[in-house]
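A.B. asks: Okay, here's the structure, questions in a sec.
The values are calculated or read from the model by the stated rules, or taken from the named source; none is laboratory data. As the structure is a computational prediction, the values presented were derived from the model and not from experiment. Positions of Cβ are generated from backbone atoms using ideal geometry, with glycine treated the same way; all protein chains shown enter the neighbour counts. Side chains are part of the model used for accessible areas, which takes the heavy atoms of the whole protein and leaves out ligands, DNA and RNA. Shrake-Rupley method; radii C 1.70, N 1.55, O 1.52, S 1.80 Å.
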Amino acid sequence: VTVKVKYAAGRFNVKPGDGGTLYEMTLTYDEDNFEPVSEYSRGVLTLGVDGNRKNIDIDGENESRLDLTLTRRVPMDLELEFGAVKADFDLSGVPLKSLSVTTGASESLLVVDEPNPVRMGSLEIEVGAASFKSRGLGNLNAETITVDAGVGNVELDLTGEWKRDGRVSVDMGLGALTLRLPSDMGIRLT
């Protein structure tokens, strides 16, 4: 299955689930400015919210929020696209064949504390004007990791259980890049 999640602004949390459902989603949103989306068609699940006005004003007391739980039982291609959010993604043990993360002006943390049970083709991260931190990316079992960052702070923690050779490519505009590399692994850095 392909899972596509789009979320404009607010808090965005993703975590692994233990039950037999494909996903659980809880939304808190301004109904005057947003419309919830939950559609499944031909192997593609689309989740999140659509903005129905151009000027979206987030009220600090009623902050928009999306909490998403994904199954550990179904291999998936996961696409996360979000704007002005504070995001926490725990994808530990979620069977990911590919992962695409596209951020706007956000503060994001991607955690993978358990190995991916399936072979992953690619992890693609596109960071706008943002802070992006990660932990345990080696657990993804990814063949390639590509990061395209504009302005901001990017921390890539490549520790974890690497099951094969991998290739990491980072293209960054302006900001700070921190790489955490496994101490017990042969690495060629260009």
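A.B. asks: Specify which of the listed residues (S183, S98) is touching an Asp or Glu at 6+ places or on another chain (Cβ under 8 Å) and without any contact (Cβ under 8 Å) to a residue 40 or more places away in the chain.
C.D. replies: Of the residues listed, the single one that is touching an Asp or Glu at 6+ places or on another chain (Cβ under 8 Å) and without any contact (Cβ under 8 Å) to a residue 40 or more places away in the chain is S98.
A.B. asks: Are any residues in segment 148-179 surrounded by 15 or more Cβ atoms within 10 Å (Cβ to Cβ), closer than 20 Å to G136 by Cβ and touching an Asp or Glu at 6+ places or on another chain (Cβ under 8 Å), and if so, which ones?
C.D. replies: A149, G166
A.B. asks: What's the total number of residues in segment 14-52 that are touching a Leu at 6+ places or on another chain (Cβ under 7 Å) and among the polar types (S, T, N, Q)?
C.D. replies: 1
A.B. asks: Can you go through A129, A87 and tell me which one is assigned to a strand (DSSP E or B) and either among the hydroxyl-bearing types (S, T, Y) or in contact with a Gly (Cβ under 6 Å, 6 or more places away or on another chain) (or both)?
C.D. replies: Exactly one of A129, A87 is assigned to a strand (DSSP E or B) and either among the hydroxyl-bearing types (S, T, Y) or in contact with a Gly (Cβ under 6 Å, 6 or more places away or on another chain) (or both), namely A129.
A.B. asks: Mind checking which residues of segment 1-20 are open to solvent by 50 Å² or more (accessible area, probe 1.4 Å) and either at pLDDT below 90 or touching a Pro at 6+ places or on another chain (Cβ under 9 Å) (or both)?
C.D. replies: Those that are open to solvent by 50 Å² or more (accessible area, probe 1.4 Å) and either at pLDDT below 90 or touching a Pro at 6+ places or on another chain (Cβ under 9 Å) (or both): D18, G20.
A.B. asks: Still on this structure, please answer the following. Within segment 1-38, take every residue that is among the hydroxyl-bearing types (S, T, Y) and in a strand (DSSP E or B) and give me the one that is farthest from L68 (Cα to Cα).
C.D. replies: By that ranking, first place goes to T2.
A.B. asks: So is S131 touching a Lys or Arg at 6+ places or on another chain (Cβ under 8 Å) and open to solvent by less than 40 Å² (accessible area, probe 1.4 Å) or not?
C.D. replies: no
A.B. asks: Go through segment 21-49 and count every residue that is in contact with a Phe, Trp or Tyr (Cβ under 8 Å, 6 or more places away or on another chain) and either open to solvent by 20 Å² or more (accessible area, probe 1.4 Å) or polar (S, T, N, Q) (or both).
C.D. replies: Qualifying residue count for the region: 2.
A.B. asks: Okay, moving on. What number of residues within segment 71-84 satisfy the criterion of being more than 11 Å from T2 (Cα to Cα), open to solvent by 10 Å² or more (accessible area, probe 1.4 Å) and in a loop (DSSP other than H, G, I, E, B)?
C.D. replies: 2
A.B. asks: Another question, then. So which pairs qualify, if the first residue must be in segment 106-124 and under 19 Å from D148 (Cα atoms), the second must be among the hydroxyl-bearing types (S, T, Y) and modelled with pLDDT under 95, the Cβ gap must be under 6 Å, and the two must be at least 6 apart or on different chains?
C.D. replies: Short answer, once both residue conditions are applied: E107/S131.
A.B. asks: Now for a separate question. Kindly indicate whether S92 is at pLDDT 95 or above and outside any loop (DSSP other than H, G, I, E, B).
C.D. replies: Considered against the rule, which asks whether it is at pLDDT 95 or above and outside any loop (DSSP other than H, G, I, E, B), S92 comes out as no.
A.B. asks: Further question on the same structure: Of a type in the set (S, T, N, Q) and over 12 Å from the mean Cα position of the chain (by Cα): which single residue out of T102, T71 fits that description?
C.D. replies: From the options T102, T71, the qualifying one is T71.
A.B. asks: I've got another one for you. Report whether or not L158 is without any contact (Cβ under 8 Å) to a residue 40 or more places away in the chain and under 16 Å from the mean Cα position of the chain (by Cα).
C.D. replies: yes
A.B. asks: Take G136 and decide whether it is of a type outside the set (S, T, N, Q), modelled with pLDDT under 95 and out of contact with any Cys (no Cβ under 9 Å at 6 or more places or on another chain).
C.D. replies: Against the criterion (of a type outside the set (S, T, N, Q), modelled with pLDDT under 95 and out of contact with any Cys (no Cβ under 9 Å at 6 or more places or on another chain)), G136 does not qualify.
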